[in-house]
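Computed from the coordinates by the stated procedures, all read-outs in this text should not be read as laboratory data. Nothing here was measured: the structure is a model prediction, and the numbers come from that model. Neighbour counts are summed over all protein chains in view; Cβ atoms, including those assigned to glycine, are modelled from backbone coordinates with ideal geometry.
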Amino acid sequence: MTSMQANLLHGFLRVKNFISPPRSALALEKERLEVEGYAKLFRPMARLNNQPVDVNGVPGEWITPPQVEGGRTILYLHGGYYMFGSIVSHRKLAGNTAAAARARALIIAYRLAPEYPFPAGLEDALTAYQWLLAQDIQPSQITLAGDSAGGGLVLSVLLALRERGMALPAAAVCLSPATNLNLSREGWESNTKKDLMVNRYLAEQIQPMYLGGIDPCDPLVSPIFGDLHGLPPLLIQVGSNEVLLSDCECFAGYARRCGVDVTLEVWPGMQHVWQYFASFVPESRQAIGRIGEFIQAAT
């Protein structure tokens, strides 16, 4: 049974979508401003110290909660259709995750499409991981984490690191990850009426802008088509009301067949990246608590 707060959030989203129906045409700057605006509505779960940092040319920010155990570190990749989102919009989600895990988090402003299509964002994420290693942080202390597009990017980074023969991090956390940019009709159709967050029309327009001519079935943009053998333990959280549910279930099943230790959590009644709303929704705090436990156990 969903909480009263979750039901209130769902009601707000329904009213918002009724007053301002999901756009069928991409208004890039408007979408970016809207995503930035969400950050003002919620507060962090702990007092956080934020320090900007240059990550070999990639803008970044260290987020440090009151309690950090050892060198435990999270590299956080924000969501936003690969076109929206920033350090500002996702600072609190990354910080809440860090606080729950008793780790510090590095969140980066990777380059976004359409100005910088694939593989720009992936390259920036790889640069950030290598930068962490150069700071004498061991792979066994690092967890990759991300939501939505950032969750898909986390999986792409793992595949790219393995291709390059680099040491993989201890674990990875993916919140409602985009695992399949082929935009499977079956999966997207099943929850279209329930999903109040993900706009199918925008996704279909954004996909070619992000890909820049790359095959959508390329494993580095759609990890579900990759060889997943040898990846570290994964935690995937997805809401039962998401259009991405089917893709996440398929990815988790495939990863298990490849021998990966996968924990798939399907949260009843939850919307896309509900963890974002932790200062309001109890299920968000509970999910972040589970993430913290997973990271602490893995590192």
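For the range 247-259, 3J(HN,Hα) computed residue by residue from phi via the Karplus equation (6.51, -1.76, 1.60; θ = phi - 60°) reads 5, 5, 5, 5, 5, 4, x, 5, 4, 4, 5, 8, x Hz, glycine and proline entered as x. Would you mind pulling out the separation of the Cα centroids of the range 1-73 and the range 166-215, in Å? What the calculation gives is 18 Å, centre to centre. Summarising the amide proton neighbourhood of Val53: residues at separation of 5 or more, or on other chains, whose placed amide H is nearer than 5 Å comprise Gly60, Glu61, Trp62. Take Asp215, project a point 7 Å from its Cα along the Cβ direction, then tell me which residues of the range 104-127 have their backbone nitrogen under 15 Å from it. Taking a point 7 Å out along Cα→Cβ of Asp215, no residue of the range 104-127 has its backbone N under 15 Å. The charge dipole of the chain, taken about its Cα centre with unit charges on the Cβ atoms of Lys, Arg (+1), Asp and Glu (-1) only, comes to about 840 debye.
Within straight-line reach of Lys193, meaning a Cα separation under 23 Å, sit the following lysines at least 8 residues removed in sequence or on another chain: Lys16.
Given that just one value was derived from the coordinates, which of (i) 6, 31, 39, 21, 3, 0; (ii) 6, 22, 24, 21, 16, 9, 2; (iii) 5, 19, 20, 16, 13, 10, 7, 5, 3, 2, 1, 0, 0 is P(r) over Cα pairs in 10 Å bins from 0, in percent? The value computed from this structure is option (i). Computed 3J(HN,Hα) for the range 268-274, one whole-Hz value per residue from the Karplus formula 6.51 cos²θ - 1.76 cosθ + 1.60 where θ = phi - 60°, is x, x, 8, 8, 4, 6, 5, glycine and proline marked x. Backbone amide hydrogens, once placed in the peptide plane, bring Ile74 within less than 5 Å of Arg104, Ala105, Leu106, Thr143, excluding anything fewer than 5 places away on its chain.
The string of couplings for the range 131-146 from the Karplus curve (6.51, -1.76, 1.60, θ = phi - 60°) is 5, 4, 4, 5, 8, 6, 8, 6, x, 5, 9, 9, 10, 8, 9, x Hz, one whole number per residue in order, with x for Gly and Pro. Descending by average beta-carbon neighbour count within 10 Å, the peptides 61-67, 86-92, 104-110, 253-259 line up as 104-110, 86-92, 61-67, 253-259, the highest first.
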